[in-house]
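Before any comments, here is the structure.
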Amino acid sequence: MKIVVTVKHVPDTNAEKVLDPQTKRLNRSAVENVLNPFDEYAIEEALRLRDASPDTTRVTIASIAPRSGLEILRKALAMGADDAVLLSDDAIAGSDTMATAYLLALLLRHIGCDLVLSGTQSTDALNGIVPAALAELLGVPCLTFAKKLMVEGNSVEIQRETEDGYARVRAPMPALVSVTKGINEPRYPTLKGIMGAKKKEIRTLSLTDIGADPTRVGAAGSKTVVESFAAAGARAKGTVITATDPREGARRIFDFLIERKAL
Amino acid sequence: MSSVMHSPSGLNFELPEELVLLKRTIREFVEKELWPIASQVEETDEIPQATIDAMRSLGLFGLPFAEQYGGAGVGELGYCVALEELGRASAAFSNLLGAHCSIGAMALHLDGGPELKARFMPALCAGEKLACFALSEPGAGSDAANIATRAVLDGDGYVLNGVKHFITSGDIADYATVFAVTDPARGARGGITAFWVDLNGPGVTRGPKDRKMGLFGSHTCELIFRDARVPADHVIGSVGAGFKTAMKTLDMGRLSLAAGCVGSAQFMLEKSVAYAKERVQFGQPIARQQAVQFMLADMATEIFAARNMVYHTAWKADRGERFSMEAAMVKRYCSDMAIHVVDRALQIHGGSGFMKETGIERAYRDARILAIYEGTNEIQRLIIAEELLRG
């Protein structure tokens with residue numbers, strides 16, 4: 001079984017993010033870029049499947065990024081993935097979610113796979129559209145929000161997280177599954193893994209290599225446009241309740257919450 | 001990462017990609033697993049077994065050793081980068097690792113024969129077995145050549161008698177590199193031999209834990225050998241070459257110890273900068289006071305110098321060049337630097353720094369030993385002078 005995990009490099013989640021007023025895009029050069037934390041769960045899940053049947057399963061990491069994205073692919077390889085492929089092309093800058101999904105679909109067709117694993121979203125834009133769009137373009141079943149994943153023969157079954165429990169969903173492979181944070185605890189790359197990762201192969205592909213239509217990528221090929229943006233308004237000052245009697249204070253907080261239908 | 005201009009001379013100060021990831025991984029590990037339990041380790045004087053297990057799974061115990069034995073083979077620069085990051089946690093962790101990797105198992109790694117290494121290195125790299133380094137004796141500290149522990153050939157092995165003291169991890173290590181006199185007439189010039197000794201074997205007793213000023217969570221004790229038998233094939237290197245092995249191992253140990261100094265000082269600087277910005281006196285953050293600014297500026301400058309000398313010396317070591325003088329310089333400077341920086345950090349933190357909660361007073365107590373162990377700073381100066389005046 002060939003598992004491909006799609007990953008994204010995103011600005012460090014702890015860093016303050018800045019939008020460029022000219023391009024209306026996130027300024028990615030101002031902060032350190034890291035492996036999208038949501039993707040680490042997908043990598044871990046793939047590695048667990050591989051570790052369960054190491055002779056027949058292979059984990060490939062796929063990403064679209066500038067060359068600096070190699071760093072996060074190395075991390076995924078250090079965690080234990082077998083190889084990686086990076087689609088990198090200057091013309092890709094500014095692609096929206098649909099253009100990204102289009103490129104990922106071509107990339108995945110190019111390298112071939114039985115199971116695609118992804119995170120539910122990336123921490124930078126938080127759109128959460130790519131997994132579904134990618135499955136649609138690949139023409140494969142899309143199983144989202146998996147909190148548990150099992151592969152049996154040629155089918156994949158998940159527990160799909162819902163608000164009040166879970167739904168069991170099964171589909172034949174090839175299929176795409178997006179996994180939630182609850183599914184596992186991602187491993188640290190081991191120090192041996194880090195040193196070994198430099199010996200693993202990272203293939204770099206261009207738009208021509210995967211036969212992409214240049215008019216469907218980049219800012220020009222994207223259907224969505226960020227018209228404008230504004231800072232979120234400062235939060236109004238909270239209400240401070242002062243009371244000498246604790247019971248009285250609790251009562252007033254209770255009334256306040258009832259009034260706002262919070263209880 | 002920023003793009004780097006490579007100078008025509010080929011001089012390049014950028015860490016290789018894998019070491020950047022190594023550094024980041026260990027920093028994350030320190031922040032998530034080690035720093036949160038630092039006070040607990042201090043209070044209980046123990047590192048929890050679960051933490052040692054986590055250090056083991058990460059692969060810390062095999063960091064500098066060859067991949068063929070299951071090590072990570074990170075090289076001297078990689079090892080220094082790792083210890084720099086570990087230096088940000090409490091000294092207990094870097095001492096546990098240092099006793100094992102930097103000196104205990106390092107002697108075997110550097111000078112042990114292929115058969116001895118094949119037998120013992122895999123478990124040491126995996127951290128399943130721990131090693132320590134037994135050179136110091138009550139009558140032989142700085143004067144290491146004056147050791148009295150004797151090893152006498154008897155049939156198919158040696159019989160060991162003597163006392164080693166202040167042995168870091170002596171209480172928990174499974175093996176020790178033990179230095180003993182095999183030829184009293186020759187002393188350091190051919191009369192000392194290094195042995196790989198099973199500390200759980202007959203004739204070996206561990207003394208009670210020493211009561212120390214700091215380094216809680218890391219223990220030192222005496223190792224007492226009474227007619228302890230060591231097989232002849234457990235000689236590390238050759239008979240009589242032990243003092244050279246000790247010096248070579250300590251070169252490595254001094255360099256990595258200095259790397260830990262850089263990390264702990266960097267952490268103290270970061271804490272001090274944050275505190276100076278936040279602590280308000282006379283109506284403004286104390287960071288506005290030149291007196292505080294000057295302290296911060298000096299701390300940062302000294303750390304900058306220290307880090308560069310550590311990396312440069314590690315680079316030299318990785319090229320296979322001799323670096324005894326540099327190791328002594330680096331150990332001398334970085335330990336004094338770390339002691340100075342933590343002293344300034346405590347001064348900036350004022351009364352709060354003297355309290356247990358900030359962790360500064362712990363770092364202050366832990367730092368003092370840096371100018372003493374792995375060769376006092378006076379001995380380092382002698383080594384430097386000897387190299388300078390050689391020939």
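For A:LYS237, a cut-off of 22 angstrom between C-alpha atoms picks up these lysines, skipping any fewer than 8 places away in its own chain: A:LYS261. Considering only B:GLY237, B:VAL310, B:PHE354, the residue lying farthest towards the positive end of the dipole of chain B is B:PHE354, judged by Cα position with unit charges set on Cβ. Remark: region B:17-130 carries a charge dipole of roughly 200 debye about the Cα centre, counting +1 on each Lys and Arg Cβ and -1 on each Asp and Glu Cβ. At a probe radius of 1.4 angstrom, the accessible area of region A:31-184 per residue rounds to 40 square angstrom. The residues of region B:244-389 have, on average, 48 Å² of accessible surface per residue, using a 1.4 Å probe with all protein chains present. Between B:GLY203, B:GLY350, B:GLY87, the residue with the greatest mean-square fluctuation in the GNM of chain B (Cα pairs under 10 Å linked by springs) is B:GLY350.
Using every pair of distinct Cα positions in region A:111-263, the Kirkwood expression returns a hydrodynamic radius of 21.1 angstrom.
Basic side chains Lys and Arg get +1 at the Cβ, acidic Asp and Glu get -1 at the Cβ, and with that the dipole of the protein assembly as shown about its Cα centre reaches some 700 debye.
Within 10 Å of each Cβ of B:18-27, how many other protein chain Cβ atoms are there on average? Walk me through the numbers before you get to the answer.
Working: counts 8, 2, 4, 13, 5, 1, 6, 9, 3, 0.
For peptide B:18-27, the averaged partner shielding equals 5.
With a ≥ b ≥ c the root eigenvalues of the C-alpha gyration tensor of region B:212-266, is it rounded (a/c under 1.5), prolate (a/b larger than b/c) or oblate?
Details: a/c = 3.92, a/b = 1.54, b/c = 2.55.
Judged from the Cα gyration tensor, region B:212-266 comes out oblate (a/c at least 1.5, b/c at or above a/b).
Per residue, the Cα convex hull of the protein assembly as shown amounts to 231 Å³. In the protein assembly as shown, helices alone account for a calculated mean residue ellipticity at 222 nm of -13000 deg cm²/dmol, with every DSSP H run of four or more residues adding -39,500 (n - 2.57).
Listed by chain and number, the lysines placed with their C-alpha closer than 16 angstrom to that of B:LYS331 are B:LYS248, B:LYS316; residues fewer than eight positions away on the same chain are left out. Taking all protein chains as shown and a probe of 1.4 angstrom, A:ASP55 keeps an accessible surface of around 150 Å². All Cα-Cα separations within region B:132-240 were binned at 5 Å from zero, giving a P(r) of 2, 14, 24, 25, 18, 10, 4, 2, 0, each value a whole percent of the pairs.
Working from Cα pairs under 8 Å separated by at least six residues, relative contact order for region B:185-230 is 41 percent.
Think of each Lys and Arg Cβ as +1 and each Asp and Glu Cβ as -1; about the Cα centre, that makes the dipole of chain B roughly 620 debye. Among the listed pairs A:LYS2/A:LYS181; B:LYS271/B:LYS356; B:LYS212/B:LYS271, a Cα-Cα separation exceeding 18 Å is found for A:LYS2/A:LYS181; B:LYS212/B:LYS271.
Note on chain B: dipole from Cβ charges, positive end direction compared against B:ILE379, B:ALA188, B:LEU21; the farthest Cα belongs to B:ILE379. For region B:67-115, a reduction of at least 40 Å² in accessible area between the chain on its own and the assembled protein chains (probe 1.4 Å) is found at B:ALA72. Build a GNM of chain A with springs between Cα atoms under 10 Å apart, and of A:ALA133, A:ALA231, A:ALA219 the one that fluctuates most is A:ALA231. Treating cross-link reach as a plain straight distance, find the lysines whose alpha-carbon is under 17 Å from the alpha-carbon of B:LYS277, omitting any fewer than eight places away in the same chain. Partners within reach: none.
Over 24 Å between Cα atoms, which of B:LYS117/B:LYS244; B:LYS23/B:LYS244; A:LYS24/A:LYS75 qualify? Walk me through the numbers on the way to the answer.
Working: B:LYS117/B:LYS244 18 Å; B:LYS23/B:LYS244 32 Å; A:LYS24/A:LYS75 29 Å.
Distance filter (> 24 Å) returns B:LYS23/B:LYS244; A:LYS24/A:LYS75.
For the protein assembly as shown, which whole-number percentage of the solvent-accessible area (1.4 Å probe, protein heavy atoms only) is attributable to carbon and sulfur atoms? Intermediate results must be reported in sequence, preceding the final value.
Details: 16850 of 31470 Å².
That fraction is 54 percent.
Across chain B, the longest piece that holds none of the GluC sites (Glu not before Pro) lying in DSSP loops with up to 16 other C-beta atoms within 10 Å covers B:129-320.
Loop sites only, by DSSP: take the trypsin sites (Lys or Arg not before Pro) in chain A that have at most 14 other C-beta atoms within 10 Å and name the longest stretch containing none of them.
Numbers: sites that count: A:LYS24, A:ARG25, A:LYS198, A:LYS199, A:LYS223, A:ARG235, A:LYS237, A:ARG260, A:LYS261.
By the stated rule (loop sites, at most 14 other Cβ atoms within 10 Å), A:26-197.
Of the residues making up region B:46-61, those losing 50 Å² or more of accessible area when the isolated chain is joined by the remaining protein chains, with a 1.4 Å probe, are B:LEU58. Solvent exposure of region B:13-124 amounts to 33 Å² per residue of accessible area, where only protein heavy atoms count and the probe is 1.4 Å. When the alpha carbon coordinates of region B:287-391 are projected onto the principal axes, the ranges are 52, 26, 24 Å, largest first. Of the residues in region A:155-190, those shielded by at least 40 Å² of accessible area once partner protein chains are present, compared with the chain alone at a 1.4 Å probe, are A:TYR188. Any chance you could check the Cα centroid distance between region B:129-196 and region A:110-156 for me, in angstrom? Rounded to whole Å, the Cα centres lie 61 Å apart. The smallest convex shape that holds all Cα atoms of region B:17-130, its convex hull, gives 87 Å³ per residue.
Build a GNM of chain B with springs between Cα atoms under 10 Å apart, and of B:GLY253, B:GLY155, B:GLY98 the one that fluctuates most is B:GLY155.
Give me the Kirkwood hydrodynamic radius of chain B, using the inverse of the mean 1/r over all pairs of distinct Cα atoms, in Å to one decimal. Roughly 21.7 Å, rounded to one decimal.
Considering only A:GLY193, A:GLY112, A:ILE64, and ranking their Cα positions along the charge dipole of chain A that arises from unit charges at the beta-carbon of Lys, Arg, Asp and Glu, the one farthest toward the positive end is A:GLY193. Sorting B:LEU63, A:LEU126 by accessible area puts them as A:LEU126, B:LEU63; the probe is 1.4 Å, largest comes first, and only protein heavy atoms count. Between B and A, roughly 1700 Å² of accessible area is buried in total, ligands, DNA and RNA not counted and the probe set to 1.4 Å. Here is the list for region B:222-283: chymotrypsin sites (Phe, Trp or Tyr not before Pro) lying in DSSP coil, each with at most 11 other C-beta atoms within 10 angstrom of its C-beta, are B:PHE282.
Mind pulling the per residue volume of the convex hull built on the Cα atoms of region B:81-143? Å³ is fine.
Numbers: hull volume 8.0 nm³, N = 63.
For region B:81-143, the hull spanned by Cα atoms encloses 127 Å³ per residue.
By the Cβ distance rule (another cysteine Cβ under 4.7 Å), the unpaired cysteines of the protein assembly as shown are A:CYS113, A:CYS142, B:CYS80, B:CYS101, B:CYS125, B:CYS132, B:CYS221.
The values are calculated or read from the model by the stated rules, or taken from the named source; none is laboratory data. Because the structure is predicted, anything quoted here is derived from the model rather than measured. When we count neighbours, we look across all protein chains shown, and the Cβ atoms used for this are built from the backbone with ideal geometry, even at glycine. Side chains included, ligands, DNA and RNA excluded: accessible areas come from the protein's heavy atoms. Shrake-Rupley method; radii C 1.70, N 1.55, O 1.52, S 1.80 Å.
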